[in-house]
Amino acid sequence: MQFFIFIRCKPGKTTEVGQAMVRKRLKEVQEIHSISGEWDLMVRAMLTPRGADSDFESNVMETLLADQWDNVDRTQTIIGYRVFNPEDSFVE
């Protein structure tokens with residue numbers, strides 16, 4: 001199961017938060033992007049299906065941002081379900 005975490009950082013803290021997350025090298029974290037718009041960072045995380053939703057906050061979110069909560073204004077987590085690919089057989 002994929003999770004997309006959007007993070008709004010306090011002014012001037014985006015690089016610090018992003019680098020701190022990268023240094024943790026969590027196996028669940030696939031990518032960390034600096035983005036434009038309402039959010040500053042987007043994290044793509046992948047978890048195994050067993051109890052994924054219940055384990056997500058305690059295992060990944062808390063570890064990922066443990067030393068950075070003071071630099072974060074807000075987060076939003078979205079669960080990704082199906083991936084639509086041009087290579088999929090149902091696409092014409």
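The values are calculated or read from the model by the stated rules, or taken from the named source; none is laboratory data. Please read these numbers as outputs of a predicted model, since none were measured by experiment. So basically every Cβ, Gly included, is an ideal-geometry build from the backbone, and we count neighbours across all protein chains shown.
Reported count of residues in region 9-23, each being basic (K, R) and surrounded by 13 or more Cβ atoms within 10 Å (Cβ to Cβ), is 2.
The helices (runs of 4 or more DSSP H) located wholly in the chain that include 1 or more residues which are modelled with pLDDT of 90 or more occupy 14-24, 62-65.
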